[in-house]
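Below: the structure, in structure tokens.
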Amino acid sequence: MRLYFKYLQILFKSQMQYRTSFLLLSLGQFFIPFAIFAGLYLLFERFGQIKGWQLFEVALCFGIIHMAFALSECFARGFDTFSSLIIKGDFDRLLVRPRSTFVQVLGSQFEFTRFGRLLQSLFVLIWAVMNLPIDWTPIKMLTLIFMIISGVLIFTGIYMLAATMCFWTVQGLEVANIFTDGGREMAQYPLNIYQKWVSRFFTYVIPFGTVNYLPLLYILGKSEGDGVLYLLTPVAGSLFILPCFLVWQFGVRHYRSTGS
Amino acid sequence: MRPYVSFLKLRLNMGMQYRTGAFAGVATQFFWGIIIIMVFEAFYQHATKTPPISLPQIITYVWLQQAFLVFVTMWFRDNELFELITSGNIAYELCRPWELYGFWYAKLLAQRLSSALLRCFPILIIALFLPATYRLTIPPSVTTLILFIITLLLGLLLLIAISMFLYISVFVTMSPVGSLLLFSVLGEFFAGLIIPVPLMPSWLQTIANILPFRWTADFPFRVYSGHISGQAAINGILIQLAYLAVLVVLGRCALNLILRKVVVQGG
């Protein structure tokens, strides 16, 4: 863990060398999701609701998933840009070092400019929470935090899967975007607005549903039953990263260098 | 004219090389399209007032957007040009015996055309045979189809004229990041890529109507579905032409003005 923070420090210093560019990029990262949120807001202004969900309820959903996405983009960026490590042959260097490849790849890139995105999702989250009549119990607060953490873990898991594919295909796969960008786009609305097959896929295969939809029902008081059970759904969802980790280990063992 | 045309051909061939990448792109856009349509479907289900555009028209709008994404997005850019400008290799470009504006215009045009040709047909064809709720409708008449093709191509020419300003601005700022961001966020929003223009509140629609971005995407797509027809479509084509003329002339002037000031520093 110390090593990872050391990596972060170095990367932060190197990115701060280009201060204007850094600020501009952060600003842009603030405005892109802002435009998406503005679109969502305008749709609510026209239609009033979406399958019985109100603006602020969806805004909460939006804030949580975008925050998880921004955090995972910050921290797990190394896996996202992994194909360049393979193509250049830089991965060979990581292999000979006496540290786990996981930490090294994780630390190879860190996108501090994504803080803009993070800030934007935080605004939406706070705005939604302030406008929703929720009586906050410790369990509910804990649930909210768990939702974000497990969202980060799921996105990271997808990045890892996509990176593992690079061992065989060398090039990065655009298809992985379906599950990262697409998953984010999809999970910004409550899952039950979609057709059955979509919501099933994103509950049982890639567990965005357990991160976002089920605990959201509990927080908003739309669910019945034991709160602790709902508290545990995001935890269950975060288990998704375990098989991803195994696949990654398998990939590393079968890696053949491109030799350049 | 000949160098431009042969350059266009060359670029088209080059673009065709990246077929696998294109198919991955098709899959992504396809998924994207379905998700967006489901969101609109959910919004429309309990709509209290009749929305200004019908659901089948929105679905068609979304599919056309996905199919012709490279015709309408700003972020689809040519890093080679940025590098030419910032690295100073622009000096070589200036030695070539043709005009820079036309040359770059042809280059950008060819890039977008080749990417779109690879991507649009698979998406359009699959979308035509989807289950009824998600199906891309065919245009109501042959005239509409012809009008659509004209407006789409004019829109593409217009978009490239707009994006030329992006490259010109790099001469001044030396970094494409800032202008690219501004252009893409503003452009995509007002082109109707985030929320279709007819669904915007009227004050925003007024702004969208004045800016050139809407005429590149929103307008041709609505012509296709018949949401804009007859005289309105003809008027729109005239507006497209006017915008195109103004932007090309302005862009050319701006580029020549800046080129006169360019100092190439050895190396």
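The values are calculated or read from the model by the stated rules, or taken from the named source; none is laboratory data. From a predicted model like this one, the values you see are computed outputs, not experimental measurements. Here the Cβ is made from the backbone with ideal geometry for all residues, glycine too, and neighbour counts use every protein chain on show. These accessible areas exclude ligands, DNA and RNA; they are computed on the full protein's heavy atoms, side chains included. Shrake-Rupley method; radii C 1.70, N 1.55, O 1.52, S 1.80 Å.
Observations on the model:
- Förster-model FRET efficiency, 45 Å R0, B:H46 and A:L23, C-beta, rounded to 0.05: 0.55
- Per-residue ellipticity at 222 nm computed for chain A from its helices equals -22500 deg cm²/dmol, with DSSP H segments shorter than 4 residues left out and the rest contributing -39,500 (n - 2.57).
- Take each residue in A:28-41, count the other chain C-beta atoms within 10 Å of its C-beta, and the mean is 4.
- Distance between the pseudo-spin-label points of B:R260 and A:I139 (7 Å out from Cα toward the beta carbon): 7.6 nm.
- Modelled FRET efficiency - R0 30 Å, B:V142 with B:A232, Cβ distances, 0.05 increments: 0.95
- With θ taken as phi - 60° and the Karplus curve 6.51 cos²θ - 1.76 cosθ + 1.60 applied, the whole-hertz 3J(HN,Hα) list for the stretch B:232-237 is 4, 5, 4, 4, x, 4 Hz, x standing for glycine and proline.
- Whole-percent carbon and sulfur share, accessible surface of the protein assembly as shown, 1.4 Å: 68
- At a probe radius of 1.4 angstrom, the accessible area of the stretch B:190-236 per residue rounds to 33 square angstrom.
- Checking the cross-link pairs A:K140/B:K49; A:K13/A:K140; A:K196/B:K49; A:K88/A:K196; A:K13/B:K261 against a 31 Å limit on the alpha carbon distance flags A:K140/B:K49; A:K13/A:K140; A:K88/A:K196; A:K13/B:K261 as lying beyond it.
- Amide proton proximity set for B:L130, modelled H, under 5 Å, gap of 5+: B:L136
- When shorter helices are ignored and each DSSP H run of at least 4 residues is given -39500 (n - 2.57), the per-residue value for chain B at 222 nm works out to -24500 deg cm²/dmol.
- Computed 3J(HN,Hα) for the stretch A:188-194, one whole-Hz value per residue from the Karplus formula 6.51 cos²θ - 1.76 cosθ + 1.60 where θ = phi - 60°, is 6, 10, x, 4, 6, 7, 8, glycine and proline marked x.
- Working note: Karplus 6.51/-1.76/1.60 with θ = phi - 60° gives the stretch B:246-252 the couplings 4, 5, 5, 4, 4, x, 5 Hz, where Gly and Pro are set to x.
- Peptides B:195-205, B:137-147, ordered by how many other C-beta atoms sit within 10 Å of their residues on average, highest first, read B:195-205, B:137-147.
- Extension gain for the segment B:T206 to B:T86, taken as residue separation times 0.36 nm less the Cα-Cα distance, is 39.5 nm to one decimal.
- Peptide A:42-48 has a mean of 6 when you count, residue by residue, the C-beta atoms of other protein chains within 10 Å of its C-beta.
- Global geometry of the protein assembly as shown, whether rounded, prolate or oblate, following the gyration tensor of its Cα atoms and the 1.5 cut on a/c: oblate
- Helix screen, chain A: DSSP H segments with Cα axial length of 27 Å or more and mean Kyte-Doolittle hydropathy at least 1.6 are A:55-75, A:138-169.
- Residues with amide H under 5 Å from that of A:F240, placed H, sequence gap 5 or more: none
- For A:L3 and B:R96, a Förster radius of 51 Å and the Cβ-Cβ distance give a FRET efficiency of 0.50, rounded to the nearest 0.05.
- Between 0 and 90°, nearest 10: helix B:100-128 axis offset from chain B longest Cα axis: 20
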